[in-house]
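Engineer: Mind having a look at this structure? Questions to follow.
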Amino acid sequence: PVKPIQLIVPYGPGGDSDLTARVWAEFAKQRLGQPVVVVNKAGGGGLAGTLAAAKARPDGYTLYLVQAGPVLILPQTASAGYAFDSFAYIARVMIANCAVVVRADAPWKDLNEFGADAKTNPGKYIFATPGATAWLTFAMRNWQSISGAQLKQVEYQSGAETINAVVGGHADMNFMFPQTYAPMVRAGKLKILAIGAKSKDFPDAPTFADLGIKGNYFGWAGIAAPKGTPKEIIDKLTAVTEDMSKDPAFAKAIENMGAMPDFTAGEAWMRQLKEQQAEMTLVLRNLNMLKK
């Protein structure tokens, strides 16, 4: 590149998406020789930023921090102005062990206890979400439909805002990436009611499987570009991402957020994306939320 690159994040600053983007941008700058500027374009549950990225000039100077909600879910529920195929998918850079968290002084010991209470008291408790069509939101809505719990849903602009809402007592629970919840759990402000898989960082936290709750509760983030971006640029950005994934400093930066570095690209990543897209289609159909 001969000028700065912008990396669009479809959520507000301070959340898991933003933190991941800033780590990738810093290590990409070292390898590309040009600044990578993170641009937060929040709104519409990820729609505003994703649409801006999809419509950007496909010249390699606009990239996109991609997650499941905006590309696998939103286009299936509404006329988003873009589709899954509006992007060239470069590489996944991390996976994350998501968790349901509540205030540390909350009375429930696990998600089953909370679910039983919420089922007995419909509408009493508030679920804070980073956006109506975020994957995190639909994972929890799927849990609600299975458990019978009925919660009020309040939408915020980022994961950081939802965490602050729970800590401040404005909401009762959320389902979030470790980049956002881990520091608050370590600080004793939040506790985990259920986590995606056994965690060495939080060994006492029960997993969804421990609680008899079926499903895949892992999140991810990757880098994409507008469809039509030249192959040589996609190939270079893929190689740059693969190179940084081998850098111990990059791995440490991702791990410091509570996530796990993960380089997956090409057909392997596309196959996983298509599989998750099919899973989301089933969830949306069960919730009667597929667009007509």
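Engineer: Taking region 134-155 as the search range and keeping residues that are open to solvent by less than 20 Å² (accessible area, probe 1.4 Å) and closer than 23 Å to PRO70 by Cβ, which one is farthest from the chain's Cα centre (by Cα)?
Structural biologist: Ranking the qualifying residues of region 134-155, first place goes to TRP143.
Engineer: Would you check which residues across region 171-184 are open to solvent by 30 Å² or more (accessible area, probe 1.4 Å) and hydrophobic (A, V, I, L, M, F, W, C) and list them?
Structural biologist: MET184
Engineer: Exactly one of these conditions fails for ALA209: (1) assigned to a helix (DSSP H, G or I); (2) within 21 Å of the chain's Cα centre (by Cα); (3) free of Cβ contacts under 8 Å to residues at least 40 places away in the same chain. Give me its number.
Structural biologist: (1)
Engineer: Looking at (1) at pLDDT 95 or above; (2) closer than 25 Å to GLN277 by Cα; (3) not hydrophobic (A, V, I, L, M, F, W, C), which is the only condition GLY33 fails?
Structural biologist: (2)
Engineer: Among GLY168, GLY115, GLY123, GLY131, which is surrounded by 23 or more Cβ atoms within 10 Å (Cβ to Cβ) and free of Cβ contacts under 8 Å to residues at least 40 places away in the same chain?
Structural biologist: That would be GLY115, the only listed residue that is surrounded by 23 or more Cβ atoms within 10 Å (Cβ to Cβ) and free of Cβ contacts under 8 Å to residues at least 40 places away in the same chain.
Engineer: Quick check on this structure: which one of PHE250, PHE263 is more than 26 Å from THR137 (Cβ to Cβ), open to solvent by less than 70 Å² (accessible area, probe 1.4 Å), part of a strand (DSSP E or B) and of a type outside the set (S, T, N, Q)?
Structural biologist: PHE263
Engineer: Within the group ALA53, ALA42, ALA80, which residue is open to solvent by 30 Å² or more (accessible area, probe 1.4 Å) and either assigned to a helix (DSSP H, G or I) or modelled with pLDDT under 95 (or both)?
Structural biologist: When all the criteria are applied, what remains is ALA42.
Engineer: Something else now. Quick check on my filter: what residues within region 83-105 are surrounded by fewer than 17 Cβ atoms within 10 Å (Cβ to Cβ) and either closer than 30 Å to LYS198 by Cβ or basic (Lys, Arg) (or both)?
Structural biologist: Within region 83-105, ALA104, ASP105 meet the criteria.
Engineer: LYS200 versus (1) under 18 Å from the mean Cα position of the chain (by Cα); (2) over 30 Å from ASP59 (Cα atoms): which is the lone unmet condition?
Structural biologist: Only one criterion in (1) under 18 Å from the mean Cα position of the chain (by Cα); (2) over 30 Å from ASP59 (Cα atoms) is unmet by LYS200, namely (1).
Engineer: Residues that are out of contact with any Cys (no Cβ under 6 Å at 6 or more places or on another chain), more than 30 Å from PRO230 (Cβ to Cβ) and not in a strand (DSSP E or B): does region 64-77 have at least one?
Structural biologist: yes
The values are calculated or read from the model by the stated rules, or taken from the named source; none is laboratory data. Only a predicted model underlies this, so the values are computations on that prediction, with no experimental measurement involved. A quick note on method: Cβ atoms are made from the backbone with ideal geometry, for glycine too, and the neighbour counts reach across all protein chains shown. Each accessible area value is taken on the protein alone, full model and side chains, heavy atoms only, with ligands, DNA and RNA left out. Shrake-Rupley method; radii C 1.70, N 1.55, O 1.52, S 1.80 Å.
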